Amino acid sequence: MKTYTPSDQKDTRSGFGEGLYELGKRNPNVVALCADLTGSMKMDAFAAEFPDRFIQVGIAEANMIGIAAGLTIGGKIPFTGTFANFSTGRVYDQIRQSVAYSNKNVKICASHAGLTLGEDGATHQILEDIGLMKMLPNMIVINTCDFNQTKAATIAIADHIGPVYLRFGRPKVPNFTPKDQKFKIGKAIILNEGKDVSIFATGHLVWKAIEAGYILAEKGIDAEIINIHTIKPLDKNAVIQSAIKTKCVVTAEEHQMNGGLGDSIAQLLSRELPTPIEMVAVNDKFGESGTPEELMIKYELDTINIVEAALKSISRKS
């Protein structure tokens, strides 16, 4: 098992903030809109440096999406910023009609996703956003794993013509991907090559999958660990080639089991290569208040749950 040593621990939303600021310096067509959460979204530096390209819309998320869609007509590249719950569920009609259907070049950037929002509770802990967004035609869906990858993804999506949903979070997590990486939309990253089980992870669960790989290695199990940072378009070739090799699969995500990464991989494998699959995800429940660590354990999204899923998937090989 390859060893990964984090350089530090950082929140992924700060990666977005730094990436947005870099884009502001590079591209005068990049504009930013925020729904009264500039500090929480780490958009302060962009707002201070480029005040003529920053729009504070207030608590008016639907208007923010509509304004962003309109700005694209004039050649601007708008990045909208608010919490994931407000970025998707609250404004789904506006995204569907004004952005996805029209194929507008809007980048919908969402922080505080999943259970790791913690004490804010179920009303803010959206666990359905990936499913909502991946079902929209024309929409790219990205869920990054650490600070460096989030910064790289933020910069990369400005070059993609069309709508993008970029999901990240509030807690500090191990920062282990390369600082100078070039982010490629739709290209999975193999973190460890293995032959016994494939673990496909996304977002905060990528580091948990690496930890699970260490434990499995101690048991003599060689896990292939793949970072699926782009949920849509899914890197179908990477999934199928890994499943051919290992003949059993685990998916891991901080999202509902229905509609998430596991759902996408299960659909692909059922059509192309029927394979035993176990999913580490929230099983049809809302969240609740608690610390991020407590919630990840209670909802069975921790390292040990990935280990157990791997062992179960291996036991189902024919």
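For the pair Gln56 and Asp44, how long in nm is the line joining their label points, each one 7 Å along Cα→Cβ?
Taking the two extended label points, one gets 1.3 nm.
Okay, which of the stretch 253-268 sit inside 20 Å, backbone N to the point 7 Å along the Cα-Cβ direction of Lys219?
Answer for the stretch 253-268: 253.
Over the stretch 180-318, what relative contact order in percent results from Cα pairs under 8 Å that are six or more residues apart?
Across the stretch 180-318, relative contact order equals 28 percent.
Check which residues have an amide H placed less than 5 Å from Ile55's amide H, if you skip close sequence neighbours.
For Ile55, the qualifying residues are Ala32, Leu33, Cys34.
Net charge near Asp146: determine it from the other residues with C-beta under 11 Å of the C-beta of Asp146, scoring Lys and Arg +1 and Asp and Glu -1.
Net charge around Asp146: +2.
Work out how much length Ile304 to Lys172 would gain on full extension: take 0.36 nm times their residue separation and subtract the Cα-Cα distance, in nm to one decimal.
That pair, Ile304 and Lys172, stretches by 45.5 nm at full extension.
Per DSSP helix of 4 or more residues, -39500 (n - 2.57); summed, then divided by the residues of the chain. What does that give at 222 nm, rounded to the nearest 500?
Per the formula, -10500 deg cm²/dmol.
Just list whichever of Lys2/Lys104; Lys182/Lys219; Lys134/Lys298; Lys151/Lys317; Lys2/Lys182 have alpha carbons separated by over 31 Å in the model shown.
Correct reply: Lys2/Lys104; Lys182/Lys219; Lys151/Lys317.
Hey, how many Å between the Cα centroid of the stretch 179-226 and the Cα centroid of the stretch 1-51?
Each part reduced to its Cα centre gives a spacing of 25 Å.
Give the separation of the Cα centroids, the stretch 72-86 to the stretch 256-312, in Å.
Using only Cα atoms to place each centre, the spacing works out to 30 Å.
What is the gain in length, in nm to one decimal, between Ala122 and Glu193 on full extension, counting 0.36 nm per residue of separation less the C-alpha to C-alpha distance?
Contour length minus Cα-Cα distance gives 21.9 nm.
Rounded to the nearest 5, what is the percent of antiparallel bridges among the DSSP beta bridges in the chain?
Taking every DSSP beta bridge with both residues in the chain, the antiparallel ones total about 20 percent.
Peptides 123-131, 91-99, 108-116, 270-278: what's the order by average Cβ count within 10 Å, highest mean first?
108-116, 123-131, 91-99, 270-278
Grab the other residues whose beta carbon is less than 10 angstrom from that of Asn305, score K and R as +1, D and E as -1, and report the net.
Combined, the nearby Lys, Arg, Asp and Glu give -3.
To test your reading of the geometry: what angle, between 0 and 90 degrees and rounded to tens, separates the Cα axis of helix 236-246 from the longest principal axis of the chain?
Tilt of helix 236-246: around 20 degrees.
Which length gain, in nm to one decimal place, applies between Ile240 and Asp36 when the Cα-Cα distance is subtracted from 0.36 nm times their residue separation?
69.1 nm
Helix 147-157 versus the longest principal axis of the chain: what is the Cα-based angle in degrees, 0 to 90, to the nearest 10?
Taking Cα atoms only, the helix is inclined about 60 degrees.
Just so you know, all these numbers are worked out from the coordinates, no wet-lab data involved. Owing to the predicted nature of the structure, the values given are computational and were not obtained by experimental measurement. Quick reminder, even Gly has a Cβ in these numbers, built from the backbone with ideal geometry, and neighbours come from all protein chains shown.
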